[in-house]
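The values are calculated or read from the model by the stated rules, or taken from the named source; none is laboratory data. Quantities reported herein were computed from a predicted structural model and do not represent experimental measurements. Please note: Cβ atoms are built from the backbone with ideal geometry, for glycine as well, and neighbour counts cover all protein chains shown. Please note that ligands, DNA and RNA were not included when accessible areas were found on the heavy atoms of the full protein model with its side chains. Shrake-Rupley method; radii C 1.70, N 1.55, O 1.52, S 1.80 Å.
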Amino acid sequence: MHASPIQAPSIPEAIVQRIVQIIGAGTWKAGDQLPPQRQLAQELGVSMASLREALHTLQGMGVLEFRHGQGTFVCHDPSAIVERCLDLALLLDREMVQDFLDARRAVEGGLAYLAAQRATDDQITKLADLVNGMKDAVEAGDDRSWETLDVAFHRLVSEMSDSNILHYLSSTLFETLEDFIQVMPHTPQGWQRHADVCNAIKHRLPDQSQQAMHALVDATAAYIHFIKSCLLYTSDAADEVVPV
């Protein structure tokens, strides 16, 4: 099982694009193991450093998984992953995406800060239950359950703030947030960021709660900007993916 060389600048974005295309073409299927990193780097004509960065990005996107002592494998349902990336590409054509991300950071950071001060014990228990459910969903590859739980998580944090004005502002944001959640990757890293928010609120730490929510939103922004850069990057060679 081989991958044709990249006849373009050796950048992680190009590697990500090529690997997603190879999976989309059916050359690598769910559960398949990728070639050893050194071999793959040689086949793609890229440096080991660039390959490792791309593989870690693909892991965060939910495309690949690293198994200790075994190697790198394609995650479940790769066709759905490629479709998710295409859906995200369409979503990114909307105007004011950056404004939306900025608003999320400002409003949701404030919501988390107040939630740590004002949440009831019952609300915190419910939030922890949602986080545990998200962990189960990501481990089972249950995207639908993750999306439902993710939306419920953010709405509950809003309620926990006990701020009528912020709750009103967040309700408008969440209409767009639901669209983002449906196309974002659902990964253990994403679950951990939600768990960090929950733990900070549980321990009544306003500053840490706000910082954890900022980290969650910033990770989303970084992923979106990375995908945009991948979509902007084109090359003739990148279109010539032939199963071998």
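Results for (1) modelled with pLDDT under 65; (2) out of contact with any Lys or Arg (no Cβ under 7 Å at 6 or more places or on another chain); (3) not in a loop (DSSP other than H, G, I, E, B), shown as yes or no for each residue.
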| residue | (1), (2), (3) |
| --- | --- |
| A195 | no, yes, yes |
| K228 | yes, yes, yes |
| L231 | yes, yes, yes |
| P243 | yes, yes, no |
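I'd like the residue in region 133-171 that is part of a loop (DSSP other than H, G, I, E, B) and open to solvent by less than 40 Å² (accessible area, probe 1.4 Å) and, out of all such residues, is modelled with the highest pLDDT. Looking at the filtered set, the residue picked out is S161.
Checking each residue in region 200-210 for being surrounded by fewer than 19 Cβ atoms within 10 Å (Cβ to Cβ), out of contact with any Phe, Trp or Tyr (no Cβ under 9 Å at 6 or more places or on another chain) and not charged (D, E, K, R) picks out H203, L205, Q208.
Taking the criterion of being modelled with pLDDT of 90 or more, in a helix (DSSP H, G or I), surrounded by fewer than 19 Cβ atoms within 10 Å (Cβ to Cβ) and not polar (S, T, N, Q), the residues of region 1-48 that qualify are R38, E43, M48. State which residue is modelled with the highest pLDDT when the search covers only region 56-114 and only residues that are open to solvent by 20 Å² or more (accessible area, probe 1.4 Å) and on the phi > 0 side of the Ramachandran plot. Among residues in region 56-114 that are open to solvent by 20 Å² or more (accessible area, probe 1.4 Å) and on the phi > 0 side of the Ramachandran plot, the one modelled with the highest pLDDT is G71. Mind checking whether some residue in region 180-199 is surrounded by fewer than 17 Cβ atoms within 10 Å (Cβ to Cβ) and touching a Leu at 6+ places or on another chain (Cβ under 7 Å)? No, region 180-199 contains no residue that is surrounded by fewer than 17 Cβ atoms within 10 Å (Cβ to Cβ) and touching a Leu at 6+ places or on another chain (Cβ under 7 Å).
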